[in-house]
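> Here it is: the structure, laid out below.
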Amino acid sequence: MLAVNDTQFNSEVFLLTGIAGHEDIQLWIGILFCVTYAVSLAGNSVILFIIKTDSSLHEPMYIFLSMLAITDLCLLIATIPTILGVFLVNSREISLNACLAQMFFVHSLSKIESSVLLLMAYDRFIAISNPLKYTSILTPPRIAKLGLASVLRGVAVILPLPILLKQYRYCQSIVLSHSYCLHQDVMKIACSDITINSIYGLCVKVFTVGLDSFLIFLSYVMILKTVLTIASRTESLRALNTCVSHLCAVILFYISDIGLALIHRFGNSSSHMFQVILGYIYLLVPPLINPIVYSVKSKHLRSKIIRAFGK
């Protein structure tokens, strides 16, 4: 952890931290993050390009996948340049306003991604439980409204957090434990009463990520109930196979998101290194893995990608 003298203190500037104690390999870690960033940008951009240019992919499932890819791209663009600055050129300072803006984008995009994963679970439920009415239920206008509602919810529930943090005084430490800004991290270094932020942040987590994950679990219980009524074993496996990609995305997102929130709030005894690593998993792994999983598991999408690049 970096040490900061009183004479160096500036409440309008925070210091980001790489991986404390491993400064000798931070350049190599930065290169690894840079490669991960490039692969994630390329993977999600390819998904968007193929879906946009191929009219046969203009179906609800692929439209929701486009929403997921856009959310992941925005999350990467909002955070990775700051992280690379810390690791590659030792640029650790970030202004209070920039930090709060980045924090807003990180958490609002996280809530939007949670909503999109819920919509994708709803899509799979309709496709398996009521396939004959699939296109009549998930019409383009309805999908657009659901997407807009996801964005508005993500923005509305997170916006009060940076507004509250902006009013606080920071007079103890200006060193953040991550190389990007998180609400829990910034909140801890305030010397004002943070009770409102703490309670509101917990309520937001429970009624967004908690509620979404429960509804996704419920949708899969209903999907499994439907699949068990299908007489043909082959058809049952085929129906379940369409859910594998989404389940992988759900597991990657919710384990890291909920785990990071629990550790920051209740895991004071956990090692700092574990918190930092989980923070990078939360940020980097889903955008990297999601395009790969969907490309591998979706035969239709995979064939379109191969055909496009084959040309």
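We did not get these values from a lab; they are worked out from the coordinates using the rules stated. These numbers come from a predicted model, not from an experiment. Virtual Cβ from ideal backbone geometry, glycine too; neighbours counted across all protein chains shown.
> Counting residues that are closer than 23 Å to Leu283 by Cβ and in contact with a strand residue (DSSP E or B) (Cβ under 8 Å, 6 or more places away or on another chain), which helices (runs of 4 or more DSSP H) fully inside segment 155-229 reach at least 1?
On the way: elements: 160-167, 183-188, 195-205, 211-228.
The helices (runs of 4 or more DSSP H) meeting that bar are 183-188.
> What number of residues in segment 43-72 are of a type outside the set (A, V, I, L, M, F, W, C), more than 15 Å from Leu146 (Cβ to Cβ), touching a residue at least 24 places away in the same chain (Cβ under 8 Å) and assigned to a helix (DSSP H, G or I)? Let's see the steps before the verdict.
Our first condition is that a residue be of a type outside the set (A, V, I, L, M, F, W, C); within segment 43-72, this holds for 43-45, 52-56, 58-60, 62, 66, 71-72.
Those still in the list that are more than 15 Å from Leu146 (Cβ to Cβ) too: 43-45, 52-56, 58, 72.
This time we only want the ones that are touching a residue at least 24 places away in the same chain (Cβ under 8 Å), so: 43-45, 53-54, 56, 72.
Subset that is assigned to a helix (DSSP H, G or I): 43-45, 53, 56, 72.
Of the residues in segment 43-72, 6 are of a type outside the set (A, V, I, L, M, F, W, C), more than 15 Å from Leu146 (Cβ to Cβ), touching a residue at least 24 places away in the same chain (Cβ under 8 Å) and assigned to a helix (DSSP H, G or I).
> For segment 187-209: of the residues being among the β-branched types (Val, Ile, Thr) and within 15 Å of Leu159 (Cβ to Cβ), which is surrounded by the most Cβ atoms within 10 Å (Cβ to Cβ)? Steps first, please.
In the first step, residues of segment 187-209 are kept if they are among the β-branched types (Val, Ile, Thr); the result is 189, 194-196, 199, 204, 206, 208-209.
Add one more test, that the residue is within 15 Å of Leu159 (Cβ to Cβ), and what stays is 196, 204, 208.
Details: Ile196: 12, Val204: 18, Thr208: 21.
It comes out as Thr208.
> When you scan segment 89-118, how many residues do you find that are within 18 Å of Leu75 (Cα to Cα) and of a type in the set (Lys, Arg)?
Looking only at that region, the number is 1.
> Quick one: which residue in Gly154, Gly147 is within 29 Å of Thr226 (Cβ to Cβ) and surrounded by 19 or more Cβ atoms within 10 Å (Cβ to Cβ)? Lay out the reasoning, then the answer.
Working: Gly154 fails: within 29 Å of Thr226 (Cβ to Cβ).
One residue alone meets the criteria, Gly147.
> Identify, please: which residue in segment 277-287 is surrounded by fewer than 18 Cβ atoms within 10 Å (Cβ to Cβ) and in contact (Cβ under 8 Å) with a residue 24 or more places away in the chain and is, among those, farthest from His22 (Cα to Cα)?
So the first thing to find is which residues in segment 277-287 are surrounded by fewer than 18 Cβ atoms within 10 Å (Cβ to Cβ), and the list is 277, 281, 285.
If we keep only those that are in contact (Cβ under 8 Å) with a residue 24 or more places away in the chain too, we end up with 281, 285.
Values: Ile281: 18, Val285: 21 Å.
The residue in question is Val285.
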